[in-house]
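See below for the structure under consideration.
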Amino acid sequence: MDDEELIRELLAALIEDTSRQAQLLAQAIREEDAPKCAKLAHYSKGACANLGALAAASLLQNIESRAATGDFAECGASLEALRQQIERLRTEAEVL
């Protein structure tokens, strides 16, 4: 894309939405709600992958997979790593 303003807007929307989804994921992990956890991770994974946030998408894939097996400790670890990725994206977006 050659439209820097559009890229900034899309990235800001991704960061906002993924941050909101991370809060919901945290609740689903605490409640050990595997279907909800997998659904939320799947939704956000697609959005991240579509915009090239591949590290975040990979972490969300891990959460989705681990939720299906009931490994909520690993889901929590991946969620923490996801939050760090979101902050990294936020920092990178500020310099665009």
Quiz prompt | Residue ID - farthest from Arg83 (Cα to Cα), chosen from residues in the range 46-67 that are touching a Leu at 6+ places or on another chain (Cβ under 8 Å) and assigned to a helix (DSSP H, G or I) | solution = Ala47
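Of all residues being among the charged types (D, E, K, R) and in a helix (DSSP H, G or I) in the range 68-89, which is surrounded by the most Cβ atoms within 10 Å (Cβ to Cβ)? Just the residue, please.
Keep residues of the range 68-89 that are among the charged types (D, E, K, R), which gives 71, 74, 80, 83, 87-88.
Of the ones still in play, those that are also in a helix (DSSP H, G or I) are 74, 80, 83, 87-88.
Working: Glu74: 16, Glu80: 13, Arg83: 18, Glu87: 12, Arg88: 13.
Of everything passing the filter in the range 68-89, Arg83 is surrounded by the most Cβ atoms within 10 Å (Cβ to Cβ).
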Quiz item: Could you give every pair whose Cβ atoms fall below 6 Å, whose first residue belongs to the range 23-45 and is within 17 Å of Glu80 (Cα to Cα), and whose second residue is of a type in the set (S, T, N, Q) and assigned to a helix (DSSP H, G or I), counting only separations of at least 6 or pairs across chains?
Solution: Leu40/Gln21; Ser44/Thr18; Ser44/Gln21; Lys45/Gln61
Quiz item: Give me the pairs: first residue in the range 58-83 and modelled with pLDDT of 95 or more, second residue not in a helix (DSSP H, G or I), beta-carbon distance under 8 Å, and six or more apart or on different chains, which are they?
Solution: Gly70/Glu32; Phe72/Glu32
Quiz item: Quick one: would you say Glu32 is in contact with a helix residue (DSSP H, G or I) (Cβ under 7 Å, 6 or more places away or on another chain), more than 28 Å from Leu96 (Cα to Cα), of a type outside the set (Val, Ile, Thr) and outside any helix (DSSP H, G or I)?
Solution: yes
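The values are calculated or read from the model by the stated rules, or taken from the named source; none is laboratory data. What you see is a predicted model; the values in this text were computed from it and never measured. All Cβ positions, glycine included, derive from the backbone under ideal geometry; neighbour counts span all protein chains shown.
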